[in-house]
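Below is one structure; the comments refer to it alone.
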Amino acid sequence: MAVTTEREPQTPQRVPRTKAGRLWSSTVGKKAVMAVTGAVLFSYVVVHMAGNLKFFGGPDSINGYGVFLREFLTPVLGYGGLVWVVRVVLLLAVVLHGTAAVQLARRARKARPVGYAKRPRVQGGYAARTMRWGGVILALFVVYHLLDLTAGVLNPHGVDGDIHANVVADFQHWYVVLAYTLAVVALGFHLRHGLWSAVRSLGGTVRNAQTVALVLAVVVTVGFLAVPFSVFFGFVR
């Protein structure tokens, strides 16, 4: 006589109705979101770095650049409108990028509930293993950076529109330079791994991907650190 056992009813997974919802719920979709938002954030990082280098042109150059950004498209968006549009886009990109990264990491852990007996070497080395902490460091730094040079609350000078003097007042202090350096180095590692993954996804070889990612990450890191170290060591005042 056969003995049957009752199985616990499984709760059916809810399938998103919209195409966008189905895309987001899939692993491929989340990776696509990370790629697109990563491209948006990387583009902003490069433009922001280039803008920072106007500091070496003197007060008129960097302060004038700040005025230009606020006056650009004023008839359409109002004074400072473009800056707020960029901020909203960046915030949305950061939220989507971080959420997709966390959810993909959780899926990876669920797919392998039992850890490796011997963890294999991860491609991308140190950068790949520290992406999570690098993201946390960058998020905390962005909050500080906004309170410092955008709101002026934490800046020793803190005069709205006087970008050059605010920057000089900041980077005369070693602890500000140290915090900035840690954040930029974390950004460099983050970019190195993200760019490595992007180049590999586009069909590049491992060696080419490593070279492109390393060169771009170093350029961005050096570009951002040029200003604080120039001020701290007295090359620019």
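The values are calculated or read from the model by the stated rules, or taken from the named source; none is laboratory data. Keep in mind the model is a prediction, meaning the values are calculated, not measured. Heads up, the Cβs are rebuilt from the backbone with ideal geometry, glycines too, and the neighbour counts pull from every protein chain shown. Calculation scope for accessible area: heavy atoms of the full protein, side chains included, ligands and nucleic acids excluded. Shrake-Rupley method; radii C 1.70, N 1.55, O 1.52, S 1.80 Å.
Hey, what D do you get for segment 41-106 in µm²/s if you plug the Kirkwood alpha-carbon radius into Stokes-Einstein at 37 °C and 0.692 mPa s? D = 240 µm²/s.
Below 12 angstrom from the Cβ of Gly80, what's the summed charge of the other residues (Lys, Arg +1; Asp, Glu -1)?
Taking every other residue near Gly80 into account, the sum is 0.
Sorted largest first by accessible area at a 1.4 angstrom probe radius, with every protein chain in place, the residues Ile137, Ile62, Ile163 fall in the order Ile137, Ile163, Ile62.
A Förster distance of 25 Å, applied to the separation of the beta-carbon atoms of Thr74 and Thr99, puts the FRET efficiency at 0.15.
Per the Cα gyration tensor, segment 137-210 maps to an equivalent ellipsoid with semi-axes of 34, 12, 10 Å, ordered largest to smallest.
Converting phi to 3J(HN,Hα) with the Karplus coefficients 6.51, -1.76 and 1.60 and the offset θ = phi - 60°, segment 161-177 yields x, 8, 4, 4, 5, 5, 5, 4, 5, 5, 7, 7, 9, 5, 6, 5, 4 Hz in sequence order, with x at every glycine or proline.
Placing a label point 7 Å from the Cα of Tyr44 along the Cα-to-Cβ direction, the residues of segment 68-89 whose backbone N falls under 13 Å of that point are 83-89. Per-residue 3J(HN,Hα) values for segment 42-50, derived from phi via the Karplus relation 6.51 cos²θ - 1.76 cosθ + 1.60 with θ = phi - 60°, read 5, 4, 5, 4, 5, 5, 5, 4, 4 Hz in sequence order (x marks Gly and Pro).
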